Structure formats: C-alpha cells, structure tokens
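In what follows, a structure is listed as structure tokens, so that the remarks can point back to it.
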Amino acid sequence: MNETSKSRKFWGPLERSVLIGTGIDIGCGPDPVTPTVRQFDLADGDANHITRHVHEQFDFVYASHCLEHMHDPRQAVLEWWQLVKPGGHLFFIVPDEDLYEQGVFPSRFNDDHKATFTVDKAQSWSPVSINVRALAASLPGGELVSLELQHHGYDRRLLRHGPDVRPPGWPYFWIRVYRRLRSMGWLPWLEPVERWRSHWFAVDQTKRADTLAQIQCIVRKRA
C-alpha cells in the first residue's frame, strides 16, 4: 500500500505549506511525497545512519512509515533532524500502536517493526513504545507544529486489543476460507464478515485504501 498517497488525500494547507522547497523522502519506495523530492531508500544506504550517506540540508525531511523499521528510532530521528535546514521541517508518520498493533508486539501485521508509537500516553502496554510528543521535544531547537492521531475510515467496532485466539470448529474453517479467497483477490472486504472475524482475530484495517491508523508529526527547526 502506498501510504503517502493514502495520507495525501486527507492533507490540508498546513501539510502542503511544509512540503515546499528542497526536500528528501526517507524510505519512500515507489511513492515519493513530491515529484521533485530527493528519494532515499534501501539502495541509497542505511536510513539508521543517514548522515553517512547524505551531506546536505533540506527545507523539509519527510518519512512515512519508515521510523518504526529503524533499529533505534530515537537515534535515527536525531540523524534525520540534522538534515533539516534552520527554519525547515521534519515531517514523519508512524503507525499508532493501539489502532495498528492492537496490544501485541512483535507486530502481527509487520514483523519488521522495531518499535511502537503513541501520541502521548503516560503508560503503554508495549515494551518498545515511543511517545511521539516526547520524541518531538527531544529534537534540539525544535518547535512542535502539529501532532495528531489520524484514524480516517477506522472502524473501532473491529478493534481487538490483545492476542488472537483460535475459534472452535466451523468458524475457524470458514474464516480460513474467507481469508484465502481475499488473498487471492476473489472476494472484496466484507464488513459483516470482518466484524464477525474480529471476535477472534485482529483486523488490519489499513489494507483498505481509505483507512488510516497512524500518528502524524511535524516539527520546525528554529532559525
């Protein structure tokens, strides 16, 4: 799923005003945030230590659903911050731990996630939780511009906090049939079936093109 394109549908004047001038998109894959942005992905080097590969500063540094894959997200984001010009912005998006991981780590939907993220909770169920407000506050000379939980299209009736359980007998059989047909593209997302399935299994709602379960943060570097 092209997460930047999906997020862009919900952006307003603030986001568009930040993405002006020279920029770098970290972990962009085939979905860069602007046509002219410098694209940085696996073939270009290690984003955990990006200053080894990139030796210039930008008006904006953007990363969508990349920070959770870093070995040490706190250290990685400090390196990303070094790429921001004074007066420029760091703009990053990460999954929300309650809406995406839903009480389980390692993540059942993406086993490459190294951390989970919350907007600003005093305590988390996750052993690797990162408070995004505190993360933004740790950036030297940073000024928090925007921090928001984005849950457009998310149906909380399908939210299942905690481990999956195996249903007895025939429900498990039909759930496996349904999931198999969906994976083969023979069935669409069926809301009543997903709601029934969520009694036993967590549902990754972000597979839908109109659903977000993420945290968006924009920090300005003081001039």
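A few remarks follow.
- Filtering 75, 57 for residues that are more than 19 Å from residue 146 (Cβ to Cβ) and surrounded by 15 or more Cβ atoms within 10 Å (Cβ to Cβ) leaves a single hit, 57.
Residues checked against (1) within 25 Å of residue 191 (Cβ to Cβ); (2) surrounded by fewer than 20 Cβ atoms within 10 Å (Cβ to Cβ); (3) touching a His at 6+ places or on another chain (Cβ under 8 Å); (4) β-branched (Val, Ile, Thr):
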| position | (1), (2), (3), (4) |
| --- | --- |
| 63 | no, no, no, no |
| 80 | no, no, no, no |
| 91 | no, no, no, no |
| 99 | yes, no, yes, no |
| 132 | no, no, no, yes |
| 149 | yes, yes, no, no |
| 157 | yes, yes, no, no |
| 163 | yes, yes, no, no |
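- Cβ-Cβ contacts under 7 Å between residues 6 or more apart (or on different chains), taken from a first residue in segment 1-18 that is closer than 15 Å to residue 208 by Cα to a second residue that is part of a helix (DSSP H, G or I) and β-branched (Val, Ile, Thr), are listed as 1/206.
- Selected residue (criterion: nearest to residue 218 (Cα to Cα)) from residues of segment 167-181 that are of a type outside the set (A, V, I, L, M, F, W, C) and surrounded by 10 or more Cβ atoms within 10 Å (Cβ to Cβ): 179
- Evaluation of residue 186 against the conditions (1) without any contact (Cβ under 8 Å) to a residue 60 or more places away in the chain; (2) in contact with a Lys or Arg (Cβ under 9 Å, 6 or more places away or on another chain); (3) within 19 Å of residue 3 (Cβ to Cβ) shows that the sole unmet condition is (3).
- Listed by position, the strands (runs of 3 or more DSSP E) enclosed by segment 111-223 that each have at least 1 residues that are in contact with a Gly (Cβ under 7 Å, 6 or more places away or on another chain) and over 17 Å from residue 93 (Cβ atoms) are 214-221.
- Candidate set from segment 67-109 (those that are acidic (Asp, Glu) and assigned to a helix (DSSP H, G or I)); member that is farthest from residue 129 (Cα to Cα): 79
- Candidates 91, 105 - the one that is under 22 Å from residue 2 (Cβ atoms) and within 16 Å of the chain's Cα centre (by Cα): 91
- Every residue from segment 40-52 that is of a type outside the set (D, E, K, R) and surrounded by fewer than 18 Cβ atoms within 10 Å (Cβ to Cβ): 42, 43, 45, 48, 49, 51
Rule-based calculations on the coordinates, nothing more; no lab input. The structure presented is a predicted model; accordingly, all values stated were derived computationally and were not measured. All Cβ positions, even for glycine, are placed from backbone atoms using ideal geometry, and neighbour counts span all protein chains on display.
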